[in-house]
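To start, the structure itself, in structure tokens.
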Amino acid sequence: MNTAQLREKLEFYRDLGVDELYVRRAISSPASDVHVPQGNVNQGAALPSASAALPSLAPEGDTLLKIQQDIGDDCRRCRLCEGRSKIVFGSGNEQSGLVFVGEGPGADEDAQGFPFVGRAGQLLTQMIENTASKEGIPIRRPDVYICNVVKCRPPENRTPQPDEMEICGQFLFRQLMAIRPKAICAMGSTAAKALLGTKEGVTRLRGKWHKWRDLPVMVTYHPSYLLRPYNQDAKREAWEDLKKVLHFVYD
Ligand code: URA
């Protein structure tokens, strides 16, 4: 990445509402992180080396409200704005120890503006509440936080494209950094890919702990997948995954 491209990238993050970035120096000096205040982007700041990895997005004092305001009421940063009705930011307890991450809003979510309110959402609610109750963990769905990788409904519910995930993923990352839950549950391959940067399928990733930054991530099946007939084994496995997460967070 040359300096002009890097500058463009930094401006891109500033447009997303990210005021400060921490970038790691090239591998030769692993101990030193470089703080790049975004205010310097237009002032010819000393930019990090071309091999520096972007980003570690954690604006001081970031809140869900600020993130939602940065997204705005009529976000046009990617093509998903063209077909959406409502931006679906997320819902639940902002101080929750547990965040569930899905793929993107479907038709019901797009109409109502809240995540997981359709059929897959009903299943997710049942899974959370029944498992918690069976395991003697006193939580209900409103006690956790639920959001998606992309905040606008992809047309025909198609899988979000890499650029859409990159753009909207920055807001997801800020949500996660603002909440700093004890664990994240990534539901389905899009959430797993966004958080773990892997192309590995859910079948191989599920049931084990991974990390996003320093936060533990459990990967499991997406509830929509579990709604399909003949997925009994996957359902059983998803329940096992959820049990693990709930005990990890609430024991
Ligand atoms: N599927 C998702 O991934 N997210 C929702 O909010 C609803 C369905």
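Within region 136-168, the set of residues being within 16 Å of the ligand (Cβ to nearest atom) and either among the small types (Gly, Ala, Ser) or in a helix (DSSP H, G or I) (or both) comprises Arg141, Pro142, Pro155, Glu156, Asn157, Glu164, Met165, Cys168. All of (1) touching a helix residue (DSSP H, G or I) at 6+ places or on another chain (Cβ under 6 Å); (2) assigned to a helix (DSSP H, G or I); (3) not hydrophobic (A, V, I, L, M, F, W, C) hold for His210 with one exception: (2).
Collect the residues in region 61-90 that are buried (at least 18 other Cβ atoms within 10 Å of the Cβ) and small (Gly, Ala, Ser), keeping them in residue-number order. Scanning region 61-90 gives a single hit, Gly90.
Can you say whether Phe171 is farther than 13 Å from Ser224 by Cα, touching a Leu at 6+ places or on another chain (Cβ under 9 Å) and within 14 Å of the ligand (Cβ to nearest atom), as far as the supplied structure shows?
Taking the combined requirement at face value, the residue does not satisfy it.
Scan region 174-200 for residues that are at pLDDT 95 or above, more than 17 Å from Gln68 (Cα to Cα) and away from the ligand (no atom under 16 Å from the Cβ) and report the count.
7
Scanning region 110-124 for residues that are assigned to a helix (DSSP H, G or I) and buried (at least 24 other Cβ atoms within 10 Å of the Cβ) turns up just one, Leu124. Restricted to region 94-111, and to residues that are within 6 Å of the ligand (Cβ to nearest atom) and small (Gly, Ala, Ser), which residue is nearest to Gln68 (Cα to Cα)? Among those that are within 6 Å of the ligand (Cβ to nearest atom) and small (Gly, Ala, Ser), it is Gly104. Taking the criterion of being in a helix (DSSP H, G or I) and in contact with a strand residue (DSSP E or B) (Cβ under 7 Å, 6 or more places away or on another chain), the residues of region 181-204 that qualify are Ala191, Ala192, Leu195, Leu196, Val202.
The values are calculated or read from the model by the stated rules, or taken from the named source; none is laboratory data. Quantities reported herein were computed from a predicted structural model and do not represent experimental measurements. Cβ: placed from backbone, ideal geometry, glycine included. Neighbour counts: every protein chain shown.
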